[in-house]
Amino acid sequence: MSSNIKNIDSITRTLNPKDFLSINELREKDYKNVELLPNERLAIKNFDRYRISELNNNMSENEFHNRYMQLQVMANLSPFEEFLKEDYFL
């Protein structure tokens, strides 16, 4: 799903990180017992499924670590709304 990475790359270049909430920021809200909206909770669920699916693909150890780092970047620097798109419903 390299097209998803390209899409996220273009999104993160156009947005100031203060303009949106990331998946990791939503997790922090949840850990602090702040009520999450249904679409926020769904974005976390979609991201987690997507992450597991991507990391379960057959790949070399080096590819795995690179993909793992890409997913960390996505969780930190992408607006959570990105993970409400159909591409991430698994």
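General observations
- Only residues that are in a helix (DSSP H, G or I), touching a helix residue (DSSP H, G or I) at 6+ places or on another chain (Cβ under 9 Å) and either over 13 Å from A75 (Cβ atoms) or modelled with pLDDT under 95 (or both) were counted across region 12-23, and they come to 2.
- Only one of L26, L36 that is among the hydrophobic types (A, V, I, L, M, F, W, C) and not in a helix (DSSP H, G or I): L36
- Of the numbered criteria (1) under 17 Å from N24 (Cα atoms); (2) surrounded by fewer than 12 Cβ atoms within 10 Å (Cβ to Cβ), the one E86 fails is (1).
- The residue list N4, N33 contains one member that is within 13 Å of F83 (Cα to Cα) and either modelled with pLDDT of 80 or more or touching a helix residue (DSSP H, G or I) at 6+ places or on another chain (Cβ under 9 Å) (or both), which is N4.
- Residue selection: R67 satisfies the criterion of being assigned to a helix (DSSP H, G or I), of a type outside the set (S, T, Y) and touching an Asp or Glu at 6+ places or on another chain (Cβ under 7 Å).
- Tally of residues being closer than 13 Å to Y88 by Cα, in contact (Cβ under 8 Å) with a residue 40 or more places away in the chain and not charged (D, E, K, R) across region 36-74: 6
The values are calculated or read from the model by the stated rules, or taken from the named source; none is laboratory data. The shown structure was predicted, so the numbers you read here are calculated from the model rather than taken from an experiment. Note that each Cβ is placed from the backbone with ideal geometry, even for glycine, and that neighbours are counted across all protein chains shown.
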